[in-house]
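K.L.:
The structure's right below; bear with me while I get my questions together.
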Amino acid sequence: MMESGVHFCNSCGEQVGVDANGEVFVACHECYFPICKACFDYEINEGRNHCLRCGTPYEDRTKCNDDTKVSENPSTVVSQLSNSQEVGLHARHATAVSIVDNELNDEYENPIWKSRVESWRGKDKKNKKKKEASKAENEVPTIPTGQQMEELQPSDVVVAEPLSVIIPISKTKLSPYRFVIIMRLIILALFFHYRLTHPVDSAFGLWLTSIICEIWFAFSWVLDQFPKWSPINRQTFIDRLSERFEREGEPSQLAAVDFFVSTVDPMKEPPLITANTVLSILAVDYPVDKVSCYVSDDGAAMLTFESLVETSEFARKWVPFCKKFSIEPRAPEFYFSQKIDYLKDKVQPSFVKERRAMKRVYEEFKVRINALLAKYQKTPDEGWTMQDGSPWPGNNPRDHPGMIQVFLGHSGAHDIEGNELPRLVYVSREKRPGFQHHKKAGAENALVRVSAILTNAPYILNLDCDHYVNNSNAVREAMCFMMDPQVGSDVCYVQFPQRFDGIDRSDRYANRNIVFFDVNMKGLDGVQGPVYVGTGCVFNRQALYGYSPPSMPSLPRSSSCCCCPSKKASKDVSELYKDAKREELDAAIFNLREIDNYDEYERSMLISQMSFEKTFGLSTVFIESTLMENGGVPESANPAMLIKEAIHVISCGYEEKTEWGKEIGWIYGSVTEDILTGFKMQCRGWRSIYCMPLRPAFKGSAPINLSDRLHQVLRWALGSVEIFLSRHCPLWYGFAGGRLKWLQRLAYINTIVYPFTSFPLVAYCSLPAVCLLSGKFIIPTLSNLASALFLGLFISIIVTSVLEMRWSGVTTEDLWRNEQFWVIGGVSAHLFAVFQGFLKMLAGVDTNFTVTSKAADDAEFGELYIIKWTTLLIPPTTLIIVNIVGVVAGFSDAFGGGYESWGPLIGKVFFAFWVIFHLYPFLKGLMGRQNRTPTIVILWSVLLASLFSLVWVKINPFVSRADRGTHTCISIDC
């Protein structure tokens, strides 16, 4: 059905067609980018009047008589790697691997490459014309019969149908929500006008402190609220995806995906959990030749290596079982632990028998993994040795060569039914003293380079080692966006929400983070897309390479500067040079895409001439992989050469004097590299998408005891402070390009300033106790107008929350838990993060807070009752004690002061109880389980009793305030 010389649209995949004159339709006469008339009209209607490839305005194009034909990029097929015996452990000394094409770097430093490109292009045209002529002689065009035409029509309809749709929030829910937000702004303005014009002279210091705190809270509310102005929902159609890209009798056209799994310490991250994550990936519902799983072992632990050996062997039985019976989830530990009817929807009589056998096999697998864990508890003095007697290269985790092991793959072991399995690759990058390795971000960048050489899938899905695939169709859900030409062209990543197992029903410490994932992220999806949250995210590989979206071919100068449009003239020379090199890189990529027939010498010479190595590093193989938008590796690639090159790109000196971690890959400079990486992409003009399938795509484990949860929040807040103090701060970074929308910028500003809310929050939580103990208050006697303002403010807060719950679907309990932990984390972890961030960024002092286990419980949710004392517990504990003392002192004073003293007491006690109720989960976690109260809590109780006794004597509640001045203190010399 396909004739020679027929061109296909790069947007929708259909034939380009002809124009009114009967000639092949051409949208851009500069680069001849193949696009059909329908897609061209769609681009014009959407306001995009520039060529998707070269950026030439459509309205300014001029027709020429050049007979240049657009060359179609041949699809590349993933090369067949040798089996695991041939590509076993490699490169004892990765630094000894030769650097490719060094001899070309100096000789061809600054040539005029454009003329050579034009000559090659001319040669390419002649070769193509000869090929097309020979094809035309040998092939006779076939005319489809009527029946064949009828059979083609349904597929055309499928291609035209969208793979996903946006489901906007109903106006009956969204319009009142926006109206209340505006009304709340107006009430806030009137409220602050009243507060500023009615100072409390008798307690001016307390009044001024409260005003400063309230203004900051209002500012934080604006940053958090307005990015949620246009929330949306999305729906995917994975059946349409299959009909379009998996037609019967044809090879699957779905895009390949590389999975990244990161682990460091197998003692803290149990190998069994990592094995379950890997098994869920290998069993995913996706073509096996399109899936590759890369496990990064940044601790170079032989325990991790040995556990993957066992995992690869067990996968030969587990994967066919999962696909045969379509079970969910496909992580065996979590599948067998489900408390549901596993026979539901199962119709095959053999299922029960095979399930029982598989469970027995899995129990044996667990025994072997646990035996390995017990074996590796203590390291021998001489270090670990492998089966052949040679020492394990990673015996020193801070000084070892790079290691790569391919366990499974297209030419490796098959499953028990003889079918192929997805590729499984173990990677441990080189570590040497004196080099900065950048922790997780550096490990992820190493995986990007290794995967680009071995498989080069156009999309990357990264997971933490404790986040398994809970929905086997998760990859297809993401592909509904990435592979839809009308949606995915400008999408840098698809973010899935994080869901967790093993959390108590009441979610005492807001581990599920429902408000963030179901409210804030939906709101951002309606602006420019959700922020990247570190796991459960599918990336466009080209976006990770620092390229601009197709609709914006050249990177704006703002992405490398921190200035406003009015200050463009003040850009320094170094920033201008960096921008020029980036535009040169984009231009070179465009020209290379137009060339299909050039030899290896010309290819290497052109790459060296364009100084690609200054951006991507000294690897010609990797640089060539970055030019393949559709991924894949050359068919002629030598597996041994690929492994050698993969070892080279994970050497610790590879990233020196390159753009890795600065402009490409995961960005360095913060422990929350996820926020920074997503921010850089969206500053370049990319947008992201939030995907929430009915069955959660991924599930993980979260720390459920108080101390571990606070340390997790501390790390997140510390990363935000680091970004705030860096050049990538959203307050001033990337204004000149104008590609980051203002509401999106507000959201990013909120992610980096929220730790600073800890200062006004601590002060505001202390005010009720100070007012109760001093007899003063921050608010003067209320008039009718003031009472109405206060009432209106409280009502607007409540109504906003109710309407937010209405369109998002979160429950009242979720909202209340989020509010409680906002206070708990704000007065503890966020406070320490600010101090630690300033010490680290300004003084170079890295402060660590140790955690010591004090109690444990083996029952369900036993970890919830573990008490690990840490300095993070001091501020909230102090606030609870002070406010309880204040309440007791206030009531004792009211009892001795008569009826008139009860009126002023109500407002003070209300604010004190507001603090106590918000800190109640903290108090409950501090006490642990009954009869297991830790010693430290007893010490705090003794201190509380002593303090309370002194305050009681000082107040002397049995004496009226009027008579206190005439009495002398008998018990203590006051």
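The values are calculated or read from the model by the stated rules, or taken from the named source; none is laboratory data. Since we're looking at a predicted model, the values are computed, not measured. Positions of Cβ are backbone-derived with ideal geometry, glycine not excepted, and every protein chain shown enters the neighbour counts. Protein only, heavy atoms only, side chains kept; ligands, DNA and RNA dropped before computing areas. Shrake-Rupley method; radii C 1.70, N 1.55, O 1.52, S 1.80 Å.
K.L.:
Any chance segment 534-551 includes a residue that's open to solvent by 20 Å² or more (accessible area, probe 1.4 Å), more than 18 Å from residue 232 (Cα to Cα), modelled with pLDDT under 90 and assigned to a loop (DSSP other than H, G, I, E, B)?
P.N.:
The answer is yes, given that some residue of segment 534-551 is open to solvent by 20 Å² or more (accessible area, probe 1.4 Å), more than 18 Å from residue 232 (Cα to Cα), modelled with pLDDT under 90 and assigned to a loop (DSSP other than H, G, I, E, B).
K.L.:
What pairs come out if I take residues in segment 741-759 that are touching a residue at least 12 places away in the same chain (Cβ under 8 Å) and pair them with residues that are open to solvent by 10 Å² or more (accessible area, probe 1.4 Å) and among the β-branched types (Val, Ile, Thr) whose C-beta lies under 6 Å away, six or more apart or interchain?
P.N.:
Filtered contacts from segment 741-759: 741/527; 743/527; 744/527; 751/675.
K.L.:
Take the conditions closer than 22 Å to residue 702 by Cα and either part of a loop (DSSP other than H, G, I, E, B) or at pLDDT below 75 (or both) and apply them to residue 856. Does it pass?
P.N.:
So residue 856 passes the test.
K.L.:
Filter segment 683-725 down to the residues that are of a type in the set (A, V, I, L, M), closer than 30 Å to residue 476 by Cβ and in contact (Cβ under 8 Å) with a residue 12 or more places away in the chain and list them by number.
P.N.:
Matches in segment 683-725: 689, 692, 697, 702.
K.L.:
Give me the pairs, please: first residue somewhere in segment 476-502 and over 12 Å from residue 698 (Cβ atoms), second residue anywhere and at pLDDT below 90 and in a strand (DSSP E or B), beta-carbon distance under 6 Å, and either six or more positions apart or on two chains.
P.N.:
502/701
K.L.:
Any residue that is in contact (Cβ under 8 Å) with a residue 40 or more places away in the chain, charged (D, E, K, R) and open to solvent by 40 Å² or more (accessible area, probe 1.4 Å) - is there at least one of those in segment 413-425?
P.N.:
Within segment 413-425, one or more residues are in contact (Cβ under 8 Å) with a residue 40 or more places away in the chain, charged (D, E, K, R) and open to solvent by 40 Å² or more (accessible area, probe 1.4 Å).
K.L.:
Which condition does residue 613 not pass, out of (1) among the acidic types (Asp, Glu); (2) open to solvent by 20 Å² or more (accessible area, probe 1.4 Å); (3) modelled with pLDDT of 80 or more; (4) within 30 Å of residue 727 (Cβ to Cβ), if it passes all the others?
P.N.:
Tallying (1) among the acidic types (Asp, Glu); (2) open to solvent by 20 Å² or more (accessible area, probe 1.4 Å); (3) modelled with pLDDT of 80 or more; (4) within 30 Å of residue 727 (Cβ to Cβ), residue 613 fails exactly one: (3).
K.L.:
Could I ask something else about it? Any residue at all in segment 246-254 that's on the phi > 0 side of the Ramachandran plot and open to solvent by 10 Å² or more (accessible area, probe 1.4 Å)?
P.N.:
Yes, there is a match, as at least one residue in segment 246-254 is on the phi > 0 side of the Ramachandran plot and open to solvent by 10 Å² or more (accessible area, probe 1.4 Å).
A quick yes/no check of all residues on (1) without any contact (Cβ under 8 Å) to a residue 40 or more places away in the chain; (2) surrounded by fewer than 16 Cβ atoms within 10 Å (Cβ to Cβ); (3) more than 25 Å from residue 795 (Cβ to Cβ):
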residue	(1), (2), (3)
172	yes, yes, no
202	no, yes, yes
208	yes, yes, yes
221	yes, no, no
227	no, no, no
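K.L.:
Looking only at strands (runs of 3 or more DSSP E) that fall completely inside segment 412-518, which ones have 2 or more residues that are of a type in the set (A, V, I, L, M, F, W, C)?
P.N.:
In segment 412-518, 423-428, 459-464, 491-495 are the strands (runs of 3 or more DSSP E) which contain 2 or more residues that are of a type in the set (A, V, I, L, M, F, W, C).
K.L.:
Follow-up. How many of the residues in segment 446-456 are hydrophobic (A, V, I, L, M, F, W, C) and over 19 Å from the mean Cα position of the chain (by Cα)?
P.N.:
Here the count works out to 4.
K.L.:
Pick out the one residue from 295, 309, 284 that is within 26 Å of residue 398 (Cβ to Cβ), out of contact with any Asp or Glu (no Cβ under 9 Å at 6 or more places or on another chain), open to solvent by less than 40 Å² (accessible area, probe 1.4 Å) and touching a residue at least 12 places away in the same chain (Cβ under 8 Å).
P.N.:
None of the others qualify; the one that does is 295.
K.L.:
What number of residues within segment 231-263 are at pLDDT below 90 and more than 20 Å from residue 163 (Cβ to Cβ)?
P.N.:
1
K.L.:
Another question about this same structure. Collect the residues in segment 679-698 that are of a type outside the set (Ser, Thr, Tyr) and under 15 Å from residue 496 (Cα atoms), keeping them in residue-number order.
P.N.:
Across segment 679-698, the qualifying residues are 687, 689, 691, 692, 693, 694, 695, 696, 697, 698.
K.L.:
Continuing with the same structure: Out of 804, 813, which single residue is at pLDDT 75 or above, open to solvent by less than 20 Å² (accessible area, probe 1.4 Å), of a type in the set (Asp, Glu) and assigned to a helix (DSSP H, G or I)?
P.N.:
Just a single option satisfies the conditions, and that option is 804.
K.L.:
Does residue 483 meet the test of being surrounded by fewer than 24 Cβ atoms within 10 Å (Cβ to Cβ) and of a type in the set (A, V, I, L, M, F, W, C)?
P.N.:
Spelling it out, residue 483 is indeed surrounded by fewer than 24 Cβ atoms within 10 Å (Cβ to Cβ) and of a type in the set (A, V, I, L, M, F, W, C).
K.L.:
When you scan segment 301-316, do you find a residue that is in contact with a Gly (Cβ under 8 Å, 6 or more places away or on another chain) and in a loop (DSSP other than H, G, I, E, B), even just one?
P.N.:
The answer is yes; a qualifying residue exists.
K.L.:
While we're on this one: Just give me the residues in segment 329-353 being among the charged types (D, E, K, R) and either modelled with pLDDT of 90 or more or more than 25 Å from residue 288 (Cα to Cα) (or both), in sequence order.
P.N.:
330, 333, 339, 341, 344, 345, 353
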